[in-house]
Amino acid sequence: MLMQGFAGLMWLLSMALIVFSGFALIDAAVRREDAYRAADKKTKPFWLIILGLAFVVNLLFPILSFLPIIGLIATIVYMVDVRPAIRALPGGGRSRRGSSSDGPYGPWNGGR
């Protein structure tokens with residue numbers, strides 16, 4: 001009974017780690033390339049490779065092995081250091097597609 005509880009806890013931690021690293025990978029993918037350079041936080045391909053490897057390692061290896069812990073550290077560094085620095089930039093570092101109501105001087109507000 002105790003071993004089943006421990007196995008269940010390890011499974012939940014493993015799933016949480018996969019979700020956490022997946023969220024960081026998706027977040028890194030939607031940020032603009034120039035935002036990384038503007039925040040002086042390496043490059044977008046660097047972080048996509050690191051976070052992608054962390055995600056794959058979390059999928060393949062058990063949580064108590066050495067590699068997922070390294071992936072967790074890389075994910076935490078991105079979430080605690082890189083992501084806030086990029087989000088602090090004007091526009092939040094997100095890719096902008098533009099709106100049909102955007103003019104040359106910004107969005108059109110309908111005379112409000």
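The values are calculated or read from the model by the stated rules, or taken from the named source; none is laboratory data. Here the structure is a predicted model, which means the values were calculated and not measured. For neighbour counting, all protein chains shown are included, and Cβ atoms are generated from backbone atoms with ideal geometry for every residue, glycine included. Note: areas computed on protein heavy atoms with side chains; ligands, DNA, RNA excluded. Shrake-Rupley method; radii C 1.70, N 1.55, O 1.52, S 1.80 Å.
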*Taking the simple approach of a point 7 Å from Cα along Cα-to-Cβ for both residue 89 and residue 49, what is their distance in nm?*
2.0
_Fully extended contour minus Cα-Cα distance, from residue 64 to residue 12, at 0.36 nm per residue_ = 17.4 nm
_Restricting things to Cα coordinates, could you compute the convex hull volume per residue of segment 1-62 in Å³?_
69
*residue 37 accessible area, nearest 10 Å², 1.4 Å probe?*
140
*In sequence order, what are the phi-derived ³J(HN,Hα) couplings for segment 38-45 according to the Karplus relation 6.51 cos²θ - 1.76 cosθ + 1.60 with θ = phi - 60°, rounded to whole Hz, with x for glycine and proline?*
5, 7, 6, 10, 6, 10, 5, x
*So, with a 1.4 angstrom probe, what is the percent of accessible area on segment 25-94 that is carbon and sulfur?*
73
*From phi via Karplus (6.51, -1.76, 1.60), per-residue ³J(HN,Hα) for segment 66-73 in Hz, x at Gly/Pro*: 6, 5, x, 5, 5, x, 5, 5
*Ranking by accessible area, most exposed first, for 25, 67 with a 1.4 Å probe*: 67, 25
